Amino acid sequence: MAEFSFTFAEIIDVLVANEILPKQISNLVVDGKTMTFKFKLKVPFPTTVDVSLEFLEFEKGLLIFKIKTAWLVEKALKNPAVFKNKYIELDKSNIIVYLDMYIKDHLRGLQLDKIEFLNNKINVEIYTIN
């Protein structure tokens, strides 16, 4: 088993370098278990909306966040035509990230065991699989 500890800035750098973080996201700030950012819309008004994601848990390979944003944006995100991604699903006011599936598709041989958000750091435990 291996243990990694990342600062949020390091995670954001990795997400940007690997083009995982959408270009529509800006002004990202992390405070404890909550990330807030501006999301650029493809409409003339409003051009951006504030979004907040609060880490709830990591269980059985799923990262679960509570999303808070403008009600109209939340409704739009629930439209399957607007939000298509095989690794991310919206369930009511939660965003579920299929992190194990993503890792299996992109980093073969690794299995996530635990993810914790502590003191503005993300602690990850992984192990190798055959």
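Only the coordinates and a few stated rules stand behind these numbers; no lab work does. Fair warning: this is a prediction, and the values are worked out from it, not measured in the lab. Counting neighbours? That spans all protein chains shown, and the Cβs are built from the backbone with ideal geometry, glycine included.
Per DSSP H run of n ≥ 4, the term is -39500 (n - 2.57); total these for the chain, divide by its residue number, and report the mean residue ellipticity at 222 nm rounded to 500 deg cm²/dmol. Don't jump to the answer; show the numbers that get you there.
Values: 3 runs with 25 residues, N = 130.
About -5500 deg cm²/dmol.
Take the residue pairs LYS23/LYS121; LYS66/LYS86; LYS38/LYS104 and return only those whose Cα atoms are more than 28 Å apart. Could the numbers behind the result be given before it?
On the way: LYS23/LYS121 23 Å; LYS66/LYS86 19 Å; LYS38/LYS104 30 Å.
The pairs that break the limit, which is 28 Å between Cα atoms, are LYS38/LYS104.
Taking the Cα centre of the range 2-128 as origin, sum charge times position over the Cβ atoms of Lys and Arg (+1) and Asp and Glu (-1), and report the length of that vector in debye to the nearest 20.
640
Under 5 Å between amide hydrogens, which residues at least 5 positions from LEU21 or on another chain qualify, with H placed 1.01 Å from N in the peptide plane?
Residues meeting the amide H criterion: VAL16.
In nm, to one decimal, how far is the modelled label at ILE20 from the one at TYR87, with both set 7 Å along Cα→Cβ?
Computed distance between label sites ILE20 and TYR87 equals 0.5 nm.
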